[in-house]
1. Name the residues of the range 34-63 whose amide N is less than 17 Å from a point 7 angstrom out from the Cα of residue 74 along the C-beta direction?
2. Given R₀ = 41 Å, FRET efficiency for residue 58-residue 85 by Cβ-Cβ distance, to 0.05?
3. Please quote Rg/Rh for the range 66-120 to two decimal places, taking the Kirkwood radius as Rh and restricting both calculations to Cα atoms.
4. Given labels modelled 7 Å from the Cα in the Cβ direction, how far is it in nm from residue 121 to residue 104?
5. Given the C-alpha atoms of the range 1-111, compute the convex hull and give its volume per residue in Å³.
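Taken together, the values in this text are just the output of simple stated rules run on the coordinates, not laboratory data. Quick caveat, the model's predicted, so the values are computed rather than measured. Cβ coordinates were reconstructed from backbone atoms using ideal geometry, including for glycine residues, and neighbour counts include every protein chain displayed.
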Amino acid sequence: MADSKKAADGGADRNVDQIRDILFGGQMRDYERRFNELNARLEAELARMREAQDKRLAQIDKRVDDQLEKLGKLLRQEIQDRNRSIDDVESRLQPGAAKSRPRSNRTGRNLRPRTNACVLRWRTCTRPRPRAPEKPKPH
């Protein structure tokens, strides 16, 4: 009896499915077709947008690389120019420094006794002087 009840329920389910297909089958197939078309259009548009985005990013990468290369060249040129300037200044200063060194040594030797005398005078002038004893204040 249970088997016959299952068979009857299965037959009823098939009948309901057939009725549903008769009533709504055309609309469901139409909706499914429209959803598939919409899905295909969305996927195509998404692919187009990805391609455009990749192209833009590639252009930006190229621009950044070009700018970095230009800045690198400018920096290398600036370093070379500054090194040349430093070498030029050093070459101009070396002969003058060699000539002025003996003169500055002589000047230093001549100034040393004067400096020592000034320091001695300053020390004697700045020594604290003994104070006179204070008078007591009247209360």
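1. Under 17 Å, as judged by backbone N against the label point of residue 74, lie 63 of the range 34-63.
2. Details: r = 41 Å, r/R0 = 0.99.
Approximately 0.50, to the nearest 0.05.
3. Details: Rg = 22.3 Å, Rh = 15.1 Å.
Using Cα coordinates only, the ratio equals 1.48.
4. 2.7 nm
5. Values: hull volume 30.1 nm³, N = 111.
Once divided by residue count, the hull of the range 1-111 is 271 Å³.
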